[in-house]
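Please read the structure below before turning to the comments.
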Amino acid sequence: MNSRGAASWLLFVVSLPTKSATARMRVWRALKAAGCAALRDGAYLLPGDATRQEALRQLGEECRNEGGNAWLLAVQPLHSDEEAVFRQLFDRTEDYQTLRRSWKDATATLSGLAAAELLRLQRKLQREYDALRSIDFFPGEGSVEAQAAWAELCARISRLLSPDEPNDTSGAVPRLQATAYQGRTWATRRRPWVDRVASAWLIRRFIDPHARFEWLEQPSDCPKEALGFDFDGAAFTHVGERVTFETLMAAFGLEGDAALMRLAALVHVLDVGGEPVPEAAGFEAVMGGARERVADDDALLDEMSQVLDSLYAHFEGQGARTGS
């Protein structure tokens, strides 16, 4: 046992009646999903921790309910070389190589997919990648290479969803007064994606309630009198690690709003990656579907503004309930 009382290794031995074909398949799938290594038919090894131990215990109960037998044992290798042999059973290098080949095949199809199809494909591949990482108990070079390949694939998808994404600029974000930015024309690239639509919502909701928006074919079309955002050379764009939504929040002193900060984290992860946000996948799916249905960018902003209003209210309500 380790210092927390969990076995270093778990040995699961199972026997099911031959007539229980459905149960045998269900148990086999559960063992495969858990990442178990088969030592022989009916004997499976797994690195020990409390969560895996409980999962195998429950699976053993299910086997006994099906009329079979199951034993869960805590085991220890006698020598360090045996420990190395145990670990080698969980080498996921080939699995990562298979996954990367599927990503390479997917890359060849990306340019022909609509936004909603791109998002569906990305979510499918993300689920497969997450499933493999969850059973990669001893990450090695294959994990590092896959992480880099996944980041490259996600960047390709992001560029297709949001072409001409601005480069990061350096320097501090100046503090501005919203009173000097009322009734203005704001301009950004047409067919807005997450950062642009969220920034436009933020502008109209918290900075300039009477803002008008122009949707540009290309940044060079921006009128001189308009306030550009989310393109290279715009008045408001990516600064350091901030995406445009976060730059606007910093510029207009909105970072004290906890609900807006939650939205900022969502926009950030969908635009440039980062720590997962539970609501991000749902917002991305709604955004992709809306952009497929709605051809007019003003109408698209109106529709997504309702979604952002609802998310903001949700985050405000969560803050009130938790006392934050």
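The values are calculated or read from the model by the stated rules, or taken from the named source; none is laboratory data. Remember, it's a predicted structure, so these values are computed and weren't measured experimentally. Heads up, the Cβs are rebuilt from the backbone with ideal geometry, glycines too, and the neighbour counts pull from every protein chain shown. The area values use the complete protein model at the heavy-atom level, side chains included, leaving out ligands, DNA and RNA. Shrake-Rupley method; radii C 1.70, N 1.55, O 1.52, S 1.80 Å.
Report D for segment 69-135 in µm² per second (integer): Stokes-Einstein, Kirkwood Rh on Cα pairs, 20 °C, 1.002 mPa s. Show your work: numbers first, answer last.
Values: Rh = 15.2 Å.
Diffusion coefficient, whole number: 141 µm²/s.
Which percent of the accessible heavy-atom area of the chain goes to carbon and sulfur, probe 1.4 angstrom?
Numbers: 8790 of 17480 Å².
On the chain, the fraction of accessible area on carbon and sulfur atoms equals 50 percent.
Mean-square fluctuation check for the chain, GNM, Cα pairs under 10 Å: which of A200, A172, A251 is largest?
Its mean-square fluctuation being the largest, the pick is A172.
With 10 Å bins from zero, work out the P(r) of segment 1-92 over every alpha carbon pair and list the percent per bin.
It works out to 16, 49, 27, 7, 0, in whole percents.
Got the relative contact order for the chain handy, in percent, Cα pairs under 8 Å and 6 or more residues apart?
Values: 392 pairs, mean separation 45.6, N = 324.
Over the chain, the number comes to 14 percent.
Could you report the accessible area of R133 in Å², rounded to 10, computed with a 1.4 Å probe on the protein chains as they sit in the structure?
Roll a 1.4 Å probe over it and R133 shows about 110 Å².
Please report, in whole Å³, the volume per residue of the convex hull around the C-alpha atoms of the chain.
Cα-based convex hull of the chain, divided per residue, equals 198 Å³.
Just to verify a number: what accessible area does E284 come out at with the full protein assembly present, 1.4 Å probe, Å² rounded to tens?
Accessible area of E284: about 20 Å².
Sorting check: for 177-183, 27-33, which peptide has the highest mean count of neighbouring beta carbons within 10 Å, and how do the rest follow? Show your work: numbers first, answer last.
Numbers: 177-183: 10.7, 27-33: 15.1.
Going from most to least packed, we get 27-33, 177-183.
Can you list residues whose amide H is under 5 Å from L216's amide H, if they're 5+ apart or on another chain and H is modeled 1.01 Å from N?
Here the answer is T188, R189, R190, since their amide H atoms fall under 5 Å of that of L216.
Could you pull the accessible area for S102 with a 1.4 Å probe, rounded to 10 Å²?
Spelled out: S102, probe radius 1.4 Å, area about 40 Å².
Starting from the Cα of K104, draw a straight line to each of the lysines and keep only those under 24 Å, dropping any in the same chain fewer than 8 residues away.
Cross-link targets: K124.
How large are Rg and Dmax for segment 183-237 when only the alpha carbon atoms are used, in Å?
When restricted to Cα atoms, segment 183-237 yields Rg and Dmax of 10.0, 27 Å.
Each residue of segment 249-260 in order: what ³J(HN,Hα) in whole Hz does its phi give by Karplus 6.51 cos²θ - 1.76 cosθ + 1.60, θ = phi - 60°, with x for Gly and Pro?
Result, ordered by residue: 4, 5, 5, 10, x, 9, 6, x, 8, 4, 5, 5 Hz.
Calculate for the chain the 222 nm mean residue ellipticity that helices alone would give, adding -39,500 (n - 2.57) per DSSP H run of length 4 or more and normalising by residue count, nearest 500 deg cm²/dmol.
On the way: 11 runs with 167 residues, N = 324.
Only helices count here, giving -17000 deg cm²/dmol.
Please give the net charge around L176, taking every other residue with its beta carbon less than 14 angstrom from that of L176, where Lys and Arg add +1 and Asp and Glu add -1. Show your work: numbers first, answer last.
On the way: positive: R175, R184; negative: D208, E255.
Surrounding charge for L176 is 0.
Return the single residue from M287, M304, M25 with maximal mean-square fluctuation; model: Gaussian network over the chain, springs between Cα atoms under 10 Å.
Looking only at M287, M304, M25, the biggest GNM fluctuation is shown by M25.
Mind telling me which of F138, F231, F213 comes out most flexible in a GNM of the chain, alpha-carbon contacts under 10 Å?
Most flexible of the set in this elastic network: F138.
Expressed as a rounded percentage, what relative contact order does segment 89-157 have, with Cα pairs under 8 Å and six or more residues apart? List each step's numbers first, then the result.
On the way: 32 pairs, mean separation 41.8, N = 69.
61 percent.
In Å², what does the accessible area per residue of segment 1-160 work out to with a 1.4 Å probe?
Details: 9770 Å² over 160 residues.
Accessible area per residue: 61 Å².
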